Amino acid sequence: MGIALGGAMALSGAVLTVPAEAAPNADTPVATTQLNHINPVEVRYRWVGTSGFQYELGNQANPQWADFPGVTPPVHAGPEDLATGTDVQTTGNTGTVTQKHRSTGATATVTIPADHRFRAASGWSVLTQDAADALHVLRAGPDGTTTDLPVTGLPPGAQPTNTYATGGSVRRLAVVHAVDGISSVGLVDLADGTFRTYVTGIGTGRSITFNDSWLVVNGKAIRVDAAPGTEPATVGFPARPLAVVGDQLLSGDPDFVSSPDDEVLTATSLVTGARRTVLTDADGAFRATPDGGLLATAGPSGSDFHVYRVLPTGDGNVSAQPVFTVPPTRATVDGLMIAGGELLMFGNATVNAGWDAAYAVPLDPTGKPTGTQVRRSPYVGSSPCLGGDAACPQLEALGDGRFAYLYTGTDGKESVHVAGLGTDTYSAEPTGSSGGRIGTGTGRYVLYNGGTPATQKIADFPRGADGETALDRTRTAAAIWGQRLWTPGTTQGSVVAYDLKAERNVATVNTGAPCTPSEIQAVNTWLYWSCGSAGPAGVHDRATGRNITVPAGPSRLADGYLVRENRTTHELLLTDFHTGTATTRTAAVLPTADQNTGGNTGRWALDRFGGNVAYLTAQGQVAIVTAGVPTSPLAQMEAQTDAAAGPTTQDPWQPVWQLSKPSTWTLTLTNASGNVVRNLTGDSRAAAVRASWDGRWGDGNRVAGTYTWRLTAKARDGQGADLALTGTTTVN
């Protein structure tokens, strides 16, 4: 499926002398966000200790540090205290080895004898092999000397096979050796140099994990303090062994992933065999830590990806705590929408060409993000914008969690598509025209202005259904707010409201315009009009009857303000008219170079159901400013409350109330006796209340009859009185 994205609604270019505008001293954004790539950034651990870790991201060769929270450095650290080696960084492997305790700054130097070869390092200890293949434990001694502790306890005739493994301990180090062609694994006690073999006959494809209590080799587990002669026990675990933490073997990072359920970090008890999931979405990097823990990256997407520190708990289990947020990489935003406290960024956040989609970020009333990015539409392919279109791509947020766009079929004819409530569904309505534009829309209704032929259609997208054409008319200036279509009247300056449900005119308003408006916009009680490129333009307040002069030019109307872009100075100008007098200030200075084609939905957008404005910065991020204009009281714009057959759990009653701004709500259902049988609560999706009732009472009973519902909604921005609505529905 593709998108034919032309320009947004036709906007006038009228000129009018108005009060002096503010100097270009732009508002300070309340927040800045970005479209994040879905795939997380690869984390590469360079060093891990008890104070933090060093890492690199992606392909960057730029090591950085992350500190663990709440770390208290030891009073003293040095080679004579092996336990403090869990925070030692080691550099060099020939001649000398330099050691530094990261949290205290203590340093030491180990000199490697000329006939020794470096094999491994763990904490303050360095393992070497001499010319006779004997192993030694070297440590820095007093006054710059190096102590040499020969390793004892290797079986007669044993030859190290050049496989040495560090794990969750600075007291021990694993060594693979062979006797008569049979390979075995044992641990060197770095404190006294003694060696003990634990697992014999390991073959190839070796997997070695251990801590101070357990050694696990190729699915065989044995306690470090087991009596000599004890045979290791077989332990089963999913995926790949990563570390032993306490009494738990942690496994993950499978070679083959058949579903997201495979991408988990699992703990298997080495005592009881019990398993539990430690982390989901654990498809990242893992590193055993020298203090007996594990670092693991996990998260559902690049916007919510973290490094977790897994440590043992006192009850023999493990706990995982996030210690670092992996910064996501920025994708290109190709279109902006904002409605009902939701920022929708349109673009490709994948590695697959042409996989454009809308991604939502929830905002609080001031415009600050309150959650992570979530994909809210199917993947679709963008089509080129119409020639000369200064508002592209063409997207219209509908205020109910959905957005509208155009799709061009193989015959060149366009359809209006609506998506936003799921990642695999959309609704469509053919227009029979080509080269058209989406005018405006709210909730279930979308206005389409056809190019060839030049018709005007109102596409209706009710709950849970595909689209249909609610009205087909001659193209004029027009605007939709709720279930009302506003068009020019028969007298100068008048506009008429047509109820799309009642299918009749319900109001005529004199806007004071000295013309038949060539453009109309509607938000709440505000009606914007323009007389074309020669001006003038104004706003009529239906609540008070006031006519307010506003600057002419391509603008978008919101609740008590409008926004326009000065394409010469690149200022984004916000005109506040809610008091009855228009006052304009610079909300932002946009980049000199256009992002996409520029204009509304291309590089800026406003919330008609709230008080925020979003725009693209020169760095490709999205900045958000607050209009600072009081919002209108919460009101119902349109509702779909018809009773459903049943209803049942599989086919519930799903009413939708399209409100004028975001809310929290309570839906109370009472029976014929006036008793409350069910209370439902929730938060609106954008500005739409979407409830679901299966016909059952709170105690699970289901009784046929007529029920009274009462919806109480509280504006999320705290402005204005609560809204109360009531009606009836049935259970049969």
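Readers should treat all values here as calculations from the given coordinates under stated rules, not as data from a laboratory. This structure is a prediction, so every number in the text was calculated from the model and none was measured. Positions of Cβ are backbone-derived with ideal geometry, glycine not excepted, and every protein chain shown enters the neighbour counts.
Descriptive notes on the structure:
- DSSP beta bridges in the chain [antiparallel fraction, %, rounded to 5]: 95
- Label-point separation, residue 593 to residue 704 (7 Å along Cα→Cβ), nm: 7.0
- Amide N of the stretch 418-444 lying under 20 Å from the label point, which is placed 7 angstrom from the Cα of residue 542 along Cα→Cβ: 439-444
- Whole-Å distance, taken between Cα centres, linking the stretch 285-348 and the stretch 108-169: 39
- Pairs beyond 30 Å (Cα-Cα), from 413/501; 501/714; 368/413: 368/413
- In terms of its C-alpha gyration tensor, the stretch 437-512 comes out oblate, because a/c is 1.5 or above while a/b does not outweigh b/c.
- Inter-part distance, the stretch 236-275 to the stretch 547-580, computed on C-alpha centroids, equals 59 Å.
- 3J(HN,Hα) from dihedral phi, the stretch 554-569, Karplus parametrisation 6.51/-1.76/1.60, rounded to Hz, x for glycine, proline: x, 9, 10, 8, 10, 7, x, 7, 9, 10, 9, 10, 7, 6, 8, 8
- In summary, the stretch 122-323 shows an alpha-carbon radius of gyration equal to 1.09 times the 2.2 N^0.38 Å reference for compact globular proteins.
- Surrounding net charge for residue 355, when Lys and Arg each add one and Asp and Glu each subtract one, Cβ distance under 13 Å: -1
- Cα gyration tensor, the stretch 593-692 - rounded (a/c under 1.5), prolate or oblate: prolate
- Its convex hull of Cα atoms gives the chain a direction-averaged projected area, equal to a quarter of the hull surface, of 41.1 nm².
- With the simple spin-label model, which puts each label point 7 Å out from Cα in the Cβ direction, the residue 465 to residue 364 separation comes to 4.0 nm.
- Mean separation of Cα contacts under 8 Å, 6 or more apart, over the residue count of the chain: relative contact order %: 12
- Residue-count net charge about residue 129 - beta-carbon cut-off 12 Å; Lys, Arg +1, Asp, Glu -1: -1
- Partner aspartates and glutamates whose Cα lies under 19 Å from the Cα of residue 100, excluding those fewer than 8 positions away in the same chain, are identified as 67, 80, 81, 87, 143, 291.
- Rg/Rg_globular for the stretch 53-121, with Rg_globular taken as 2.2 N^0.38 Å and Rg from C-alpha atoms: 1.32
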